[in-house]
Amino acid sequence: MESLDPIVSLAKRRGFIFQSSEIYGGLSSCYDYGPLGVELKNNVKRAWWKAMVQDRDDVVGLDSSILMHPTTWEASGHLAGFTDPLVDCKKCKKRWRADHLLESKGIKPDFRPDQPIEAVCPDCGGELTDVRKFNLMFKTQMGVIEGEGSEIYLRPETCQGIYLNFLNIMQSSRKKLPFGVAQIGKAFRNEITPGNFTFRTREFEQMEQQYFINPKDAKKTFEEWKEVRMRWYLDYGIKKDNLRFREHAKDELAHYAKEAWDIEFNYPGLGFKELAGIHNRGDWDLSQHEKFSGQNLKYKDLETNEEYTPYIIETSDGADRATLAFLLNAYEEVETRSGDEDSKHEKEVVLRLDKRLAPIKVAFLPLSKKEPLQKLTSEIQAEVRKNCMTQYDETGSIGKRYRRQDEIGTPYCVTVDFESLEDKKVTVRDRDTMKQERVVIAELGDYLDEKLEKA
Ligand code: ATP
């Protein structure tokens with residue numbers, strides 16, 4: 001694939017992802033997940049939760065609120081430092097990230113605010129304004145009285161909710177260091193140049209885990225989490241060649257970070273771009289919240305009597321960027337393979353999603369619309385849908401129906417034919433091998449459970 005276009009079009013056509021507020025002309029950089037998209041994204045989030053919380057003894061979960069005490073952002077450094085350098089074109093008024101403009105010309109961004117930069121507008125060649133710092137946090141207000149004191153922010157990252165609950169969680173779950181807290185939730189950034197579909201949006205979802213440790217274990221723990229996160233993407237089917245690590249240079253590190261690595265995915269048309277991050281945040285966050293809240297956030301090791309402010313190793317994944325990566329990675333155009341004449345197309349799309357991520361696990365296809373077949377198919381489906389997402393489709397030729405399911409990544413299609421009424425068997429067709437197997441209806445549930453490796 002040369003660009004994101006085939007996936008953007010498939011996403012809309014098949015109901016994975018729509019432009020937000022489309023009937024009003026759309027709201028730029030905001031997207032809605034349709035019937036299949038919400039299943040896929042939920043499966044991605046569930047898979048992450050399973051690996052990060054369910055399968056581990058040392059990580060617990062949290063769901064903290066989006067709106068937080070405004071002092072949080074003063075303490076975290078976001079009010080002062082969560083800014084991007086911005087320039088406007090004086091001629092066409094288009095807005096640009098100054099650092100991106102310089103980087104694209106091979107110049108290391110080293111400008112000072114309120115200074116001109118060595119670039120012109122890439123669109124119209126117009127002169128650019130001086131660089132201004134632009135804070136990416138969305139401001140809103142709480143309560144009915146406008147003005148100072150009521151201003152709050154939509155969180156630009158989910159992790160602050162974890163830091164503010166460090167004591168609550170440690171005390172209520174009787175956790176000793178090292179332990180982690182995981183959370184999935186929305187974050188908001190007023191990005192200057194959003195775009196490339198769901199890769200960069202102003203509202204997005206993060207899957208973050210904060211691991212609290214003794215500072216002396218930082219290096220070892222950091223390496224472990226790097227491997228854990230990379231393995232997760234590989235385990236869920238991202239091709240090795242599509243992934244790589246990238247270390248942040250010292251002058252690129254966020255204000256809180258001691259060390260940072262990205263896991264990058266090769267997004268078609270964009271090249272390798274950040275999919276997830278692993279950060280050593282040192283004791284920055286807890287020290288700052290201790291300072292601003294006046295609460296003691298140090299940890300006392302009762303065995304060694306050591307007292308220290310824990311270091312934090314953060315793993316930060318974007319649910320939207322991950323969902324997009326899984327879609328792109330799974331997309332394959334193949335020569336026609338669906339058989340019968342009227343359904344022949346030169347190219348067919350197969351979405352080779354990991355079965356655990358596929359939005360629909362099993363499709364039920366009665367060979368004809370005759371009542372006895374419809375009835376039997378619905379009865380079988382009623383049993384299977386107790387355990388997983390299913391779909392019923394009786395329109396069009398069987399080849400066309402297989403193709404529809406291949407295109408949305410459904411691993412198994414169950415065809416019910418007239419013989420099924422007699423021999424009480426159905427045909428199960430595998431998306432990847434296209435092998436067809438006759439399976440006794442009474443054993444279908446167990447057969448599919450085993451194939452789908454249910455969690
Ligand atoms: P970038 O350099 O691409 O702006 P970042 O370094 O600011 O990303 P982090 O602050 O490390 O990103 O956020 C953690 C994760 O959240 C990212 O790896 C990405 O998956 C996701 N993310 C961040 N910003 C966005 C966005 N605007 N739209 C969608 N996902 C995002």
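The values are calculated or read from the model by the stated rules, or taken from the named source; none is laboratory data. Bear in mind the structure is a predicted one, so any value in this text is a computation, not a measurement. Positions of Cβ are backbone-derived with ideal geometry, glycine not excepted, and every protein chain shown enters the neighbour counts.
Test PHE272 against the criterion of being modelled with pLDDT of 95 or more, of a type in the set (A, V, I, L, M, F, W, C) and farther than 26 Å from VAL228 by Cβ, and give yes or no.
no
Condition check: closer than 27 Å to ASP217 by Cβ and β-branched (Val, Ile, Thr). Does ILE192 satisfy that?
Values: closer than 27 Å to ASP217 by Cβ: no; β-branched (Val, Ile, Thr): yes.
Spelling it out, it is not the case that ILE192 is closer than 27 Å to ASP217 by Cβ and β-branched (Val, Ile, Thr).
Out of THR336, THR304, THR309, which single residue is more than 10 Å from the ligand (Cβ to nearest atom), β-branched (Val, Ile, Thr) and under 30 Å from ARG431 (Cβ atoms)?
THR336
Are any residues in segment 199-221 assigned to a strand (DSSP E or B) and more than 12 Å from the ligand (Cβ to nearest atom), and if so, which ones? Reasoning before the result, please.
Just the residues of segment 199-221 that are assigned to a strand (DSSP E or B), to begin with: 200, 203-213.
Listed by number, the residues that qualify are GLN210, TYR211, PHE212, ILE213.
I need the strands (runs of 3 or more DSSP E) fully contained in segment 227-294, keeping only those with at least 1 residues that are surrounded by 20 or more Cβ atoms within 10 Å (Cβ to Cβ).
By residue number, 259-267, 271-280.
For segment 295-319, what are the residues that are more than 26 Å from GLU203 (Cβ to Cβ), surrounded by 15 or more Cβ atoms within 10 Å (Cβ to Cβ) and of a type in the set (A, V, I, L, M, F, W, C)?
LEU297, ILE313
In a loop (DSSP other than H, G, I, E, B) and under 16 Å from the mean Cα position of the chain (by Cα) - does that describe any residue in segment 5-12?
No, segment 5-12 contains no residue that is in a loop (DSSP other than H, G, I, E, B) and under 16 Å from the mean Cα position of the chain (by Cα).
For segment 25-47: of the residues being surrounded by 15 or more Cβ atoms within 10 Å (Cβ to Cβ) and among the hydroxyl-bearing types (Ser, Thr, Tyr), which is nearest to ARG189 (Cα to Cα)?
This residue is SER29.
Answer yes if at least one residue in segment 191-198 is more than 9 Å from the ligand (Cβ to nearest atom) and either free of Cβ contacts under 8 Å to residues at least 12 places away in the same chain or among the basic types (Lys, Arg) (or both), and no otherwise.
Pass one, segment 191-198, residues more than 9 Å from the ligand (Cβ to nearest atom): 192-193, 195-197.
With the extra rule that they be either free of Cβ contacts under 8 Å to residues at least 12 places away in the same chain or among the basic types (Lys, Arg) (or both), the set shrinks to none.
Among the residues of segment 191-198, not one is more than 9 Å from the ligand (Cβ to nearest atom) and either free of Cβ contacts under 8 Å to residues at least 12 places away in the same chain or among the basic types (Lys, Arg) (or both), which makes the answer no.
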